[in-house]
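This report refers to the structure that appears directly beneath it.
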Amino acid sequence: MAISSLMGKMKGCFCFALFASFSGENEVRWRKEEELVTETIICFVCSGDWFGTVGAFAEALDAPASSTVPLSRASSSESTLFPHARAWKASGGRHVGERPCKTVEEMGEDFGGGVGKESLRVRRIIQNHFLANGASRVRDLPPEQFCRHGFVLGKASEAGFGNEMYKVLTAAALSIMLNRSLIISQTRGKYPFGDYISYSNFTFTVKEIKHLWRHKGCESKYGRKLVIRIDDFMKPVETNVICSNWKKWKQPIIWFHGTVDSVAAQFFLKNIHSQMRTAALNLFSDPQVLGIRPNVFGELMRVLIFPSEDVEAAVNWVIGGGENPDISLHMRMLMNRSGRAVQAMLRCLKKVIRSQHLMSSRPKVVVVSDTPVVVKSIMYMSNISKFAEVLHFDYDKFRGSMFKGLRITDSRRRDWGTAPRWVAFVDFFLASRAKYAAISGAHHRVGTTYAQLIAALAAAYNLGDKSSSRFTFLSSFQSNLLIDGLKNQGGWGHVWNRYAGPLSCRNQGNQCAFTPVLPSAWWDGLWQSPIPRDINRLASYGIKLSALGTVDENSLKKHCKKKKNVVRTFTFKL
């Protein structure tokens, strides 16, 4: 149908066409669910108290095959379909389909295709970085070179594992962006969670850096003091994450403080300096192209952390010498016994078993939860044993040389559960052995930092150096969590937070949705939208965010011009 005749038939409508071109061609073809189309007409009905949306496709032109967009540049993400997606989004023009919202499963369609190619690219970046900047090479540099070298500090306490591990991983990501070496801070001679986790020898400690600084005469011979510059992400008025070019910072050590989730490192994607944006894009990829963003934090964990010998022994005890589990279930229940959450999770599990073609066997499913009664409910009260073999770490029966005692304090009991602290690390490394899928369910918030890291590490383990992976991360929602859409998934670092705004449909049924292994930090995707609290939070960083999630870049540049440059430093005594 010709465009003119289509528009002529639509009385009372405002219609416009979105066109794109590559390499001077008049036609663009893009891939969406394996269908090639040429042009899209979007029409909004302007009469009445509702908006209808009509889409029509113009006839494909007879163009040579060479004009087709290569698959490396194509994506199922809606943001790749329209080069001017930001402007379209800001205008309110992204109400595509029959309603101006999407379900969680529809939002997750971007993430069902896997991210193997991009993750392998990032894997090579990480490998090359630690070959060039790892401790074994840098400590042997000649004094003059060593004393000019830069470092990034990763410092964590032993609070919640997910939040604290992100502090270390963010430092690792920043070391790559800035081409510096990584230091992992110790407390009283121990690494963070050092009783349960072993760390790669690519990293330094502060103690070793101080020794090398003295030994190589960095201060006495070259006049270079061992200074650390501290930038606190949790202090929006002070942080330089958006307004400063960190590549030009001269201090030997940089500590990016308060980075408790995947968000802080990705703030550099909006840094006003092109050097910083380029470095961030190289690592995290384009935040608008949701479906092909790499598994950055999983690949970093694959290189940097390993279970301690005792934790490894406990994991192997559960597996019993057999093959690794096929699927892991993580239930974040906060001592709640919600039967709805369990039933929704079981339906999601069956969906995964079918999609991964595991129906002919009894797949191994490992169950992890902060609430033991939920594990028992899944194992003994449901019918899961009819179609799956269930594994669970029963720490009361474990007789290995694991740490005894170490019970959770009363103040943390509801948050972390009643099991001894070390059980969470056995559960983590056990669940990350899953070969095909990780599923996150919850009483309240799905896809917490702990669940994210399980899925990310499992995905990295299952990606061969030259092959793609069938591994998927899914979120299970029971319907009562979605009465107001994703509005209650408001945790700043939780995986569905960037979808919690008005574009999330209300009153959804149970959902089993593909989930990104790299959570978004921005709202650049066409169906991402912020909640008012996050708009206000971004404003404290000087970022003007629209109701649909677009950033006012001109306003941001003006803010940075007026912003006071805060420099906090500390000089180590050698």
Can you tell me which of 259-268, 383-392 comes out highest on packing, and rank the rest after it, using the mean Cβ neighbours within 10 Å? 259-268, 383-392
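Could you give the accessible area per residue of the range 223-313, probe 1.4 Å, as a whole number in Å²? Write down the numbers at each step before the final one.
On the way: 2880 Å² over 91 residues.
So the range 223-313 comes to 32 Å² accessible per residue, rounded to a whole number.
Take the solvent-accessible surface of the protein heavy atoms, probe 1.4 Å, and return the percent of it on the range 464-560 that carbon and sulfur atoms account for. Before the final figure, lay out the partial values.
Values: 1750 of 3510 Å².
Percent of accessible area from carbon and sulfur atoms in the range 464-560: 50.
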Return the distance in nm (one decimal) between the two label points of a simple spin-label model at Lys250 and Met379, each offset 7 Å from Cα along Cα→Cβ. 6.1 nm
Modelled FRET efficiency - R0 45 Å, Arg137 with Asn507, Cβ distances, 0.05 increments: 0.20
Shape descriptors of the range 222-367 over alpha-carbon atoms, Rg and Dmax in angstrom, are 22.0, 69
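Please give the per residue volume of the convex hull enclosing the alpha carbon atoms of the range 144-213, rounded to a whole number of Å³. Before the final figure, lay out each step's value.
Numbers: hull volume 5.7 nm³, N = 70.
With only Cα atoms used, the range 144-213 gives 81 Å³ per residue.
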Give me the one-decimal nm value for the distance between modelled label points at Glu144 and Ser555, 7 Å along each residue's Cα-to-Cβ direction. 5.1 nm
Apply the Karplus parameterisation 6.51 cos²θ - 1.76 cosθ + 1.60, with θ equal to phi minus 60°, to every residue of the range 243-249 and state each ³J(HN,Hα) to the nearest whole Hz, in sequence, with x for glycine and proline. 9, 10, 8, 5, 5, 9, 5
Could you work out how far the C-alpha centroid of the range 182-231 sits from that of the range 289-348, in angstrom? 32 Å
How large is ³J(HN,Hα), in whole Hz, for each residue of the range 442-459 in order, when computed from phi with the Karplus curve 6.51 cos²θ - 1.76 cosθ + 1.60 and θ = phi - 60°, using x for Gly and Pro? 6, 6, 9, 10, 8, x, 5, 4, 4, 5, 4, 6, 4, 5, 5, 5, 4, 4
Label-to-label distance, nm, for residues given as Val227 and Asn201 (7 Å Cα→Cβ offset): 3.4 nm
Using modelled amide H (1.01 Å from N, peptide plane; none on Pro or chain starts), what sits under 5 Å from the amide H of His257, excluding residues fewer than 5 places away? Asp231, Asp232, Phe233
Round to a whole number: what % of the accessible area of the range 150-267 belongs to carbon and sulfur, probe 1.4 Å? 48 percent
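Averaged per residue, what accessible surface does the range 120-218 expose to a 1.4 Å probe, in Å²?
Details: 3830 Å² over 99 residues.
Value for the range 120-218: 39 Å² per residue.
The values are calculated or read from the model by the stated rules, or taken from the named source; none is laboratory data. All values derive from a computational prediction rather than experimental measurement. Methodologically, a virtual Cβ is constructed for each residue, glycine included, from the backbone with ideal geometry; neighbour enumeration extends over all protein chains shown. Side chains included, ligands, DNA and RNA excluded: accessible areas come from the protein's heavy atoms. Shrake-Rupley method; radii C 1.70, N 1.55, O 1.52, S 1.80 Å.
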